Every structure is written in structure tokens, then in C-alpha cells.
């Protein structure tokens, strides 16, 4: 199974390491020609969503990836990746892919000093460690969006079709279950 990982900016290598350990072949998506390789799932990593969104357009990758997501390709989006998927940002006028019908608040837990770790239940998986770094949270969801986990009453993990949006960074913790869940979704898609 091949997983495309957006590698224009951000914390992509940690996802790549974890997915490779789980047996997936990873392709770093750095330029438009990388999108010509067939892959079964997409990772949108944490980082700077504004920079990622700008580079996706400048590198002419945006429309192709948006089409893949709209076509049902499984996506694991963490932190900035969640912002890229969100249909609306409550504290920013930008909209990027807009394929996930949620409203997200950027930097909702504050700046770098507001970063924290916790352990919470995630539906379908159980108790998982969660690392939040300048993280967003999900303020509102539309019909069809399933909330998988909350921290302090705020949604931090959602699923919509084959899109999995997380406020936190599962790639930074030893627990592999979220990435395994994503790979299971990818195997169904590629079957």
C-alpha cells in the first residue's frame, strides 16, 4: 500500500517513519509530478497551514489533491492538516480544501506555551495519548461528521466519510493505533 504524504512543509517525516514501520510505502509529495504516482491514502501533516496552502497553489498541487479528497481518497489530517480540510475557520478568513464540514478555531489552545499532552478516549480505538502543539480545535460540525474524541468539551478528532481530522499529533507518540486505523481505511479504498 502506498501513502502520499504532503511534504512541502511541516512534520511529515514523523508520519512517514510511523507508516513505514507499519508496512506502508510512503511517497513524499513535494511537487506536481509526484502526484502522477498512484497512492492509496493521503497524509496532511502538522506545520503552518498558511504556508502549506500557499505552497500547494504555487506548486500547482492544490486542485489535484482536492479532487482526490472529494473523490473519496482516505485522508489523515493532523493539526495544520485539519485546518486545510476545514470548510470554515472561525478566526481566519482563509478556506483551503474545504472538504470537511466543520468549523475550526486556529491556535485555539494558545501559542507554543499552550502546548500540552493528555490521554483521552477515542471512539473505535480506546484510550490514546494526544500531543497538542499550537493546536486548533473543532468548534462546530455539520451533519454527517462523527466526533470521535473531545478534550475539555471541545472536539479534537472527527471522521467524515474517509477524512480523519485530528487537532493533535499522533505521529509524535508511540501509540500506532490511529495510523493503523487510517491504513485500514486506505486498504478498503484501494480494494
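For the range 64-88, a residue qualifies if it is at negative phi and surrounded by fewer than 20 Cβ atoms within 10 Å (Cβ to Cβ), and the qualifying residues are 64, 66, 67, 68, 70, 71, 87, 88.
Given (1) within 17 Å of residue 178 (Cβ to Cβ); (2) within 15 Å of the chain's Cα centre (by Cα), where does residue 47 come up short, assuming only one miss? Going through (1) within 17 Å of residue 178 (Cβ to Cβ); (2) within 15 Å of the chain's Cα centre (by Cα) one by one, residue 47 breaks only (1). Of the residues that make up the range 2-10, is at least one over 22 Å from residue 167 (Cα atoms) and either in contact with a helix residue (DSSP H, G or I) (Cβ under 9 Å, 6 or more places away or on another chain) or in contact (Cβ under 8 Å) with a residue 24 or more places away in the chain (or both)? Within the range 2-10 (the criterion being over 22 Å from residue 167 (Cα atoms) and either in contact with a helix residue (DSSP H, G or I) (Cβ under 9 Å, 6 or more places away or on another chain) or in contact (Cβ under 8 Å) with a residue 24 or more places away in the chain (or both)), the answer is yes, since at least one residue qualifies. It is to be established whether one or more residues within the range 13-35 are out of contact with any strand residue (DSSP E or B) (no Cβ under 8 Å at 6 or more places or on another chain), modelled with pLDDT under 95, surrounded by fewer than 16 Cβ atoms within 10 Å (Cβ to Cβ) and closer than 23 Å to residue 133 by Cβ. Looking through the range 13-35, none of the residues is out of contact with any strand residue (DSSP E or B) (no Cβ under 8 Å at 6 or more places or on another chain), modelled with pLDDT under 95, surrounded by fewer than 16 Cβ atoms within 10 Å (Cβ to Cβ) and closer than 23 Å to residue 133 by Cβ. Each residue in the range 158-175 was checked for being surrounded by 16 or more Cβ atoms within 10 Å (Cβ to Cβ) and more than 18 Å from residue 69 (Cβ to Cβ), and 8 of them qualify. Identification of strands (runs of 3 or more DSSP E) wholly contained in the range 128-186 with 2 or more residues that are over 15 Å from the mean Cα position of the chain (by Cα) and closer than 20 Å to residue 98 by Cα yields 137-141. Condition check for residue 103 on (1) touching a strand residue (DSSP E or B) at 6+ places or on another chain (Cβ under 7 Å); (2) surrounded by 20 or more Cβ atoms within 10 Å (Cβ to Cβ); (3) within 28 Å of residue 58 (Cα to Cα): one failure, at (2).
Of the listed requirements (1) surrounded by fewer than 22 Cβ atoms within 10 Å (Cβ to Cβ); (2) modelled with pLDDT of 95 or more; (3) not in a strand (DSSP E or B), residue 120 misses just one: (3).
The values are calculated or read from the model by the stated rules, or taken from the named source; none is laboratory data. None of these values were measured; they are calculated from a predicted model. Using ideal geometry, Cβ is built from the backbone for each residue, glycine included, and neighbour counts are taken over all protein chains shown.
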